[in-house]
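Asks: Would you mind keeping the following structure in view while I ask a few things?
The values are calculated or read from the model by the stated rules, or taken from the named source; none is laboratory data. Values in this document were obtained by computation on a predicted structure and should not be read as measured data. Note: ideal-geometry Cβ built from the backbone for every residue, glycine included; neighbour counts use all protein chains shown. Calculation scope for accessible area: heavy atoms of the full protein, side chains included, ligands and nucleic acids excluded. Shrake-Rupley method; radii C 1.70, N 1.55, O 1.52, S 1.80 Å.
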Amino acid sequence: MMVDVFIIALILSLITGNIKNILKYNYKGLYLFAVPFFLQFLPWKEIIVPISFFMLFLFFVWNRNLPGFKLMTAGAVLNGFTMSVNGGKMPVWEPTLRLLDLGLDFKHSVFTEFSWKTILADYIPVYLPWGRRFVISLGDILVFIGVFIFFVLKPRFQNQPSRVPHGS
């Protein structure tokens, strides 16, 4: 799902012309954004996945001054909390899995009853027009909204006058 959101937001940033602003930002720890995606293809998933989530969380926190990054951070915290109280896996509501005819991967587990541990779990069904189906959480929604804000909205500094003092 994250790939779909990223591609849609990137296309919208190209259409709106905001891509030039995205390239101007001074990112902190940019490697922390790319490395986690590659790490998840390695074996030792029980060790690699928490490390990759932590690296993404650091990237979000270090860049929290950029548009949308506070929402991405909040979503990552909600998802990380939910996973940490559920044995390191994101719980997915079984009726939604059946509804979408989906299986589980190594990062997920099934639950059938809501509790304080599963209230922030994956239970929201998503159907994309091109046939892809997902189950997402409230944390995922915050991350996705943050991604769209980052890619599509113009930064505030663009509309403000320069703060550089003028010489006499």
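Asks: So for the pair MET2, SER84, with labels modelled 7 Å out along Cα→Cβ, what separation do we get in nm?
Replies: With each label placed 7 Å out from Cα toward Cβ, I get 1.8 nm.
Asks: Another question, then. Of TRP93, TRP62, which has the most accessible area and how do the rest follow, probe 1.4 Å?
Replies: So, going from the largest accessible area down, we get TRP62, TRP93.
Asks: Excluding residues fewer than 8 places away in the same chain, name every one of the lysines whose C-alpha is closer than 22 Å to that of LYS154.
Replies: Output for LYS154: LYS20, LYS24, LYS28, LYS70.
Asks: So what J values fall out for the range 101-116 if you push phi through Karplus, 6.51 cos²θ - 1.76 cosθ + 1.60 with θ = phi - 60°, rounded to Hz, Gly and Pro as x?
Replies: Each residue of the range 101-116 in turn: 6, 10, x, 9, 10, 5, 8, 10, 9, 9, 9, 10, 10, 6, 8, 4 Hz.
Asks: Taking N as the number of residues in the chain, what is its alpha-carbon radius of gyration divided by 2.2 N^0.38 Å? Please list the in-between numbers first.
Replies: Numbers: Rg = 18.3 Å, N = 168, 2.2 N^0.38 = 15.4 Å.
It is 1.19.
Asks: Return the calculated 222 nm mean residue ellipticity for the chain, to the nearest 500 deg cm²/dmol, obtained by summing -39500 (n - 2.57) across DSSP H runs with n ≥ 4 and dividing by the residue count.
Replies: The helix contribution divided over the chain gives -15500 deg cm²/dmol.
Asks: Now, a different point. How far is helix 138-152 tilted off the main Cα axis of the chain, in degrees rounded to 10, range 0 to 90?
Replies: The angle comes out near 30 degrees.
Asks: For ARG64, what accessible area in Å² do you get when you roll a 1.4 Å probe over the heavy atoms of the protein chains, rounding to the nearest 10?
Replies: 130 Å²
Asks: Given H placed on each backbone N at 1.01 Å, which residues far from HIS108 in sequence or on other chains put an amide H within less than 5 Å of it?
Replies: Sorted by chain and number, the residues that satisfy this are MET90.
Asks: Rounded to the nearest 5, what % of the DSSP beta bridges within the chain are antiparallel ones?
Replies: Antiparallel bridges make up about 45 percent of those DSSP assigns within the chain.
Asks: Measure nothing fancy, just the Cα-based angle from helix 45-62's long axis to the longest principal axis of the chain, in degrees from 0 to 90, nearest 10.
Replies: 30 degrees
Asks: Would you mind calculating the relative contact order of the chain from Cα pairs under 8 angstrom and at least 6 residues apart, reporting the percent as a whole number?
Replies: On the way: 208 pairs, mean separation 45.7, N = 168.
About 27 percent, as a whole number.
Asks: Once you put a point 7 Å from the Cα of LYS24 and another 7 Å from the Cα of ILE47, both along the Cβ direction, what distance in nm separates them?
Replies: Label at LYS24, label at ILE47, 4.4 nm between them.
Asks: Right, here's the next one. Angle, helix 2-16 long axis vs. longest principal axis of the chain, Cα atoms, 0 to 90°, nearest 10?
Replies: The helix 2-16 is inclined about 30 degrees to the chain.
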